[in-house]
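Structure record follows, encoded as structure tokens.
The values are calculated or read from the model by the stated rules, or taken from the named source; none is laboratory data. Small disclaimer: the values here were computed from a predicted structure and weren't measured. Positions of Cβ are generated from backbone atoms using ideal geometry, with glycine treated the same way; all protein chains shown enter the neighbour counts.
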């Protein structure tokens, strides 16, 4: 089984992917999220693995836009607590580190620790890429902030674990599949849809009343612009019930009567939140 993710070996996405699928799965790193969706659409991989939300950075809006634009189906959600690790080349000493390279979000999340050690923050394109660059270089006074998996992949020393300030930092991922690759025994317990309201006062309220009517607990509601139609928006909603439930079928059926369109993005087991 092949699973595509955005990034290079050691990315947090790959770490979460292995926790969900196990160590034996074959991972395929991609340059962009578009590439992940292309591989899933063409059935070149079995599944795609994409981040959709972080408790600090918020929604990964690019991936919701791609879910809306592509004919794929979400079959699982996965939560990964983000634990930032300070890594360096073999033989490096913590007291000698002058620079830390990483993605700007990771640097911000570890700023208090780095400042306390008088370590300069150096932005990089991504966390795993920073680890690879430090491991490939010849400096013993440079470190990278990345996952522990990078230490294993790039043969690096772990100088310090859990250097982030906020220990509740968690990323939520979706497993996406070409609809032909959705398992026959797929279990559902949570659903994500996209819909566009009609243009009259109270249109959104009328749509939301449907979820209340059928006792569906919304866990997410967010609007995004539709690029092809300026100043018009699509709403993304997630609720705690599977698509096979009678109340969900009734709610979506009624929603299609009130909205301009409704798109089912996925229905999947409800994952345990890990903080």
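Just for the stretch 93-106: of the residues that are farther than 30 Å from residue 268 by Cα and at pLDDT below 95, which one is surrounded by the most Cβ atoms within 10 Å (Cβ to Cβ)? Spell out the reasoning first.
Residues of the stretch 93-106 that are farther than 30 Å from residue 268 by Cα, as a first pass: 93-104.
Going one step further and asking which of them are at pLDDT below 95, we end up with 103-104.
Values: 103: 19, 104: 11.
Ranking the candidates gives 103 first.
Among the conditions (1) assigned to a helix (DSSP H, G or I); (2) over 25 Å from residue 162 (Cα atoms); (3) without any contact (Cβ under 8 Å) to a residue 12 or more places away in the chain, residue 95 misses just one, which is (2). Do we have residue 263 as surrounded by 13 or more Cβ atoms within 10 Å (Cβ to Cβ), in contact (Cβ under 8 Å) with a residue 60 or more places away in the chain and over 30 Å from residue 16 (Cβ atoms) here? Spelling it out, it is not the case that residue 263 is surrounded by 13 or more Cβ atoms within 10 Å (Cβ to Cβ), in contact (Cβ under 8 Å) with a residue 60 or more places away in the chain and over 30 Å from residue 16 (Cβ atoms). Out of all the residues in the stretch 53-64, is one or more closer than 25 Å to residue 135 by Cβ and touching a strand residue (DSSP E or B) at 6+ places or on another chain (Cβ under 8 Å)? No, every residue in the stretch 53-64 fails to be closer than 25 Å to residue 135 by Cβ and touching a strand residue (DSSP E or B) at 6+ places or on another chain (Cβ under 8 Å).
Within the stretch 1-41, restricting attention to residues that are touching a residue at least 40 places away in the same chain (Cβ under 8 Å) and assigned to a loop (DSSP other than H, G, I, E, B), the residue that is surrounded by the most Cβ atoms within 10 Å (Cβ to Cβ) is 10.
Here residue 171 fits the description: closer than 25 Å to residue 39 by Cβ, touching a strand residue (DSSP E or B) at 6+ places or on another chain (Cβ under 8 Å) and surrounded by 18 or more Cβ atoms within 10 Å (Cβ to Cβ).
Among helices (runs of 4 or more DSSP H) entirely within the stretch 118-231, having at least 2 residues that are touching a residue at least 60 places away in the same chain (Cβ under 8 Å) and under 26 Å from the mean Cα position of the chain (by Cα) singles out 127-136, 148-153.
Conditions first: (1) closer than 26 Å to residue 224 by Cα; (2) at pLDDT below 95. Residue 70 passes all but one, so which condition is the exception? Only one criterion is unmet by residue 70, namely (2). If you filter the stretch 72-92 down to residues that are assigned to a loop (DSSP other than H, G, I, E, B) and in contact with a strand residue (DSSP E or B) (Cβ under 8 Å, 6 or more places away or on another chain), you find that the one that is surrounded by the most Cβ atoms within 10 Å (Cβ to Cβ) is 84.
Out of 60, 52, 45, 82, one residue alone is more than 24 Å from residue 145 (Cβ to Cβ) and either modelled with pLDDT of 95 or more or within 15 Å of the chain's Cα centre (by Cα) (or both). It is 45.
Checking each residue in the stretch 25-56 for being within 14 Å of residue 222 (Cβ to Cβ) and touching a helix residue (DSSP H, G or I) at 6+ places or on another chain (Cβ under 6 Å) picks out only 52.
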